[in-house]
Amino acid sequence: MENQDKAIGEFREIVDKYNNIVFFGGAGVSTESGIPDFRSVDGLYNQQYDYPPETILSHTFYRRNPEEFYRFYRNKMLFTDAKPNAAHLKLAALERKGKVRAVITQNIDGLHQAAGSKVVLELHGSVLRNYCENCGEFYDINYILASHGVPRCEKCGGPIKPDVVLYEEGLDQKTINDAVRYIREAEVLIIGGTSLAVYPAAGLIDYFQGEKLVVINKASTPRDSYADLLIQAPIGQVFSQL
């Protein structure tokens, strides 16, 4: 505990000193809000379904079995009761102070924006946005939850697809370019709540050339040995002490 207190003290000093901080986060940022982590012991990838989640959440499966996709999607991917936790709230507060320049997230839950963060780059999209594949009409999360089977557009009857990057789909190029720019220009990069197992998102870390790399995650990551500061603890717990 003494070592962790010392590390959090160092983290506080880094945040106080620098004014160009970028945060790169993953599922662990939202687990304290009640949204399960795909790859943790209790996560979705360790539960049993007719198909593995990786298969269901793929572009191919979505095209071939849209009803089964949506059954899983509604049950396991949509958490309308989730609220921002200490990490989301503190990052938004640090942005307002002019310290955090951008939040780059692999999450699709919209909790950073709900906490008040303005510059949020969503690498994998958002469950809050859904569009008709034929005419492009927008639909919110409540429309998807209230629908049955494959949700259909009220205007043209076309199928509605979540604005979420599925397996086999490419990331949005503008979002990638913006993320690279923020990371490359950052003085401090905080990596939090991510196993850094999902590419190409995890590869964006390679563009960092600033002064301090901070890694906050309960489990080890491939970047631990590169970190100037490593804190192995729940991220909300750490940010609540800033």
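The values are calculated or read from the model by the stated rules, or taken from the named source; none is laboratory data. In this text, all values refer to a predicted model and were calculated from it rather than measured experimentally. Glycine gets a Cβ as well: all are built from the backbone with ideal geometry, and neighbour counts include every protein chain shown. Please note that ligands, DNA and RNA were not included when accessible areas were found on the heavy atoms of the full protein model with its side chains. Shrake-Rupley method; radii C 1.70, N 1.55, O 1.52, S 1.80 Å.
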Would you call Asp206 touching an Asp or Glu at 6+ places or on another chain (Cβ under 9 Å), of a type in the set (Asp, Glu) and without any contact (Cβ under 8 Å) to a residue 60 or more places away in the chain? no
Is the range 152-160 home to any residue that is closer than 24 Å to Ala186 by Cβ and open to solvent by less than 20 Å² (accessible area, probe 1.4 Å)? no
I'd like to verify a number: residues in the range 96-111 that are within 28 Å of Pro159 (Cα to Cα), open to solvent by 20 Å² or more (accessible area, probe 1.4 Å) and out of contact with any Asp or Glu (no Cβ under 8 Å at 6 or more places or on another chain), how many? 2
Does Phe61 qualify as being within 23 Å of Lys161 (Cβ to Cβ), at pLDDT 95 or above and among the aromatic types (Phe, Trp, Tyr)? yes
Go through Ile191, Ile183 for me and flag whichever is under 25 Å from Arg12 (Cβ atoms), in contact with a helix residue (DSSP H, G or I) (Cβ under 8 Å, 6 or more places away or on another chain), at pLDDT 95 or above and in a helix (DSSP H, G or I). Ile183
Checked the range 209-226 for anything open to solvent by less than 80 Å² (accessible area, probe 1.4 Å) and either at positive phi or without any contact (Cβ under 8 Å) to a residue 24 or more places away in the chain (or both); matches are Asp224
If I ask for residues that are among the β-branched types (Val, Ile, Thr) and more than 18 Å from the chain's Cα centre (by Cα), which ones from the range 203-237 would you list? Ile231
Determine which member of the set Ala114, Ala146, Ala93 is surrounded by fewer than 17 Cβ atoms within 10 Å (Cβ to Cβ) and more than 24 Å from Gly26 (Cα to Cα). Ala146
